[in-house]
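The values are calculated or read from the model by the stated rules, or taken from the named source; none is laboratory data. In this text, all values refer to a predicted model and were calculated from it rather than measured experimentally. Cβ placement follows ideal geometry from the backbone for every residue including glycine, while neighbour counts extend to all protein chains displayed. These accessible areas exclude ligands, DNA and RNA; they are computed on the full protein's heavy atoms, side chains included. Shrake-Rupley method; radii C 1.70, N 1.55, O 1.52, S 1.80 Å.
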Amino acid sequence: MADEGLISHKREPIKSSGNAAAQKRRQHAVTVGKERREALMRTKRLCRVGVSGDSDDASLDDADMMIEEEQSILEARTSSAVDELKLAVAFQGKGETQKRVNALRELRRLLSKSEFPPVEVALQAGAIPLLIQCLSFGSPDEQLLEAAWCLTNIAAGKPDETKALLPALPLLVAHLGEKSSLHVAEQCAWALGNVAGEGEELRNVLLLQGALQALARMMLPNKRSTVRTAAWALSNLIKGPDPKAATELIKIDGVLDGIIRHLKKGDDELATEVAWVVVYLTALSNVATTILAKSDLVQVLVERLAVSSSLQLLIPVLRSLGNLVAGETHITNVVLVAGHEITDNAIQALVKCLKGEHRILKKEAAWVLSNIAAGSVEHKRLIFSSEAMALLLHLLSTAAFDIKKEVAYVLGNICVAPAEGSGRPNVILDHLVNLVRGGCLTGFLDLVRSADVEAARLGLQFIELVLRGMPNGEGPKLVEREDGIEAMERYQFHENEELRSMANELVDKYFGEEYGLDE
């Protein structure tokens, strides 16, 4: 049976909806571009420095590449360079290869100089058909490299400019094969990565032309630069929203072993690109998630999380780990078992991220913890007894709103145990009392007062636990002391029926006409 993508998961049990984690995984997958920019990553990358293995002529003597020129001069030179390339391609005779290479190199330098290359001018001058001719099989590697490099930077341009590469795609994919030299194949992979980064339409074209299998083969060896480029291109190619490509990728022979090996032994830069592949695999495909969950991936991710200080790497590692925990019961029930070393190491690594300076790390670490906390009672007690608790309570009162919301899920999940049937979750009394005594009630009431529906619902659910679960009937008094009645009464005529019903029921039940009469 074909993989149908995301399904509902058991995470976040204090919520009324059971598919919240699945939705979050999908959201992470389709909006990850924003986070990658925050992590100094780019979906499309301008090639300013040659790939490893370039010949000296192609990679050296380019110190002037970073010098910006006045745009009008750059455009005029680009138009002239394309005209020179036309003459070089048409020329036949002694020195024709070098003439072609020189013309290609000049065009490539002009397309590499500026942060906004004169791509439109090159296209209007007719560069694409010429570059396709220069990519023909049997051409010297130096010529192939320069042509592919030009196409790489054209593909890094605006959407219409990227789409101009459509006629060149079959040759670029073909040059990923074993008949091409490694550095030519890598440059073609870079160009295809830029094309795939443009959107679903071009991704589908590349998938039909066999780019997935070809790029996957390039990720298998231990050639660092090649693997890094291929992994980055693959992450663009499988990013969804259709899970089919992700499912197909994980089934290719050697891909799983390659992912584990590179994540374990690769440097931070290489591991970062491979980790982003894992992010999309685990976010989009249940088949891929299941296969990865049964491998050594969790152990490797935890090890990376514990030792790395690279923000660029930690973000996709956290995202991958969170996706796995959200998507596979196997992870929490079989791998992350309370008392096992890997579980202790995972909690310690997540604590390290909560202590960090970067807001994204704190948010992602809290999300992972919320999924672990939504597991068994043993998992809840494991987090409750860890260093994470003091950090979470502090973040609930001081952090930015989006982090507070993730933290609130962790704290809420720690306080409830699954109920029999479809009833309300049972309160874990010692956890609830400890958290309330630690001052978390104010933070949850702040969520109730927020305009964010999800946060308000979460806040009301925790208030219900306090009202119902605190011993000696002190819950209502605690809520009243924090102006909680006023916070809930704001929803008396709220447009959201669920929030209106929740708040009104709590006020009527715990603060009705008889409230306070026994004092």
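So here's what we get for this one:
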| quantity | calculated |
| --- | --- |
| Criterion violated by R108 - all others in (1) modelled with pLDDT of 90 or more; (2) open to solvent by less than 60 Å² (accessible area, probe 1.4 Å); (3) more than 14 Å from E146 (Cα to Cα); (4) not small (G, A, S) satisfied | (3) |
| Test: residue in the range 407-417 that is at negative phi and surrounded by fewer than 16 Cβ atoms within 10 Å (Cβ to Cβ) | yes |
| Matching residues in the range 245-279 - criterion: being crowded, with 19+ Cβ neighbours inside 10 Å and of a type in the set (D, E, K, R) | E248, E273 |
| Pair list, Cβ < 7 Å and 6+ apart or interchain, from the range 341-360 residues that are within 22 Å of R381 (Cβ to Cβ) to residues that are assigned to a loop (DSSP other than H, G, I, E, B) and open to solvent by 10 Å² or more (accessible area, probe 1.4 Å) | T343/V337; I347/S386; V351/S386; V351/E387 |
| Options E142, E146; residue that is of a type in the set (D, E) and under 35 Å from the mean Cα position of the chain (by Cα) | E146 |
| The range 157-170, subset among the aliphatic types (A, V, I, L, M) and open to solvent by 20 Å² or more (accessible area, probe 1.4 Å), residue farthest from V121 (Cα to Cα) | L166 |
| Test: E357 is under 17 Å from A390 (Cα atoms) and of a type in the set (D, E, K, R) | yes |
| When residues of the range 280-313 are limited to those that are open to solvent by less than 10 Å² (accessible area, probe 1.4 Å) and free of Cβ contacts under 8 Å to residues at least 40 places away in the same chain, the one farthest from T343 (Cα to Cα) | T289 |
| Residues being within 25 Å of K163 (Cβ to Cβ), open to solvent by 50 Å² or more (accessible area, probe 1.4 Å) and not in a loop (DSSP other than H, G, I, E, B) - total across the range 202-243 | 4 |
| Count - residues of the range 171-201 that are assigned to a helix (DSSP H, G or I) and crowded, with 16+ Cβ neighbours inside 10 Å | 19 |
| Test: residue in the range 418-431 that is at pLDDT 90 or above, open to solvent by less than 30 Å² (accessible area, probe 1.4 Å) and in a helix (DSSP H, G or I) | yes |
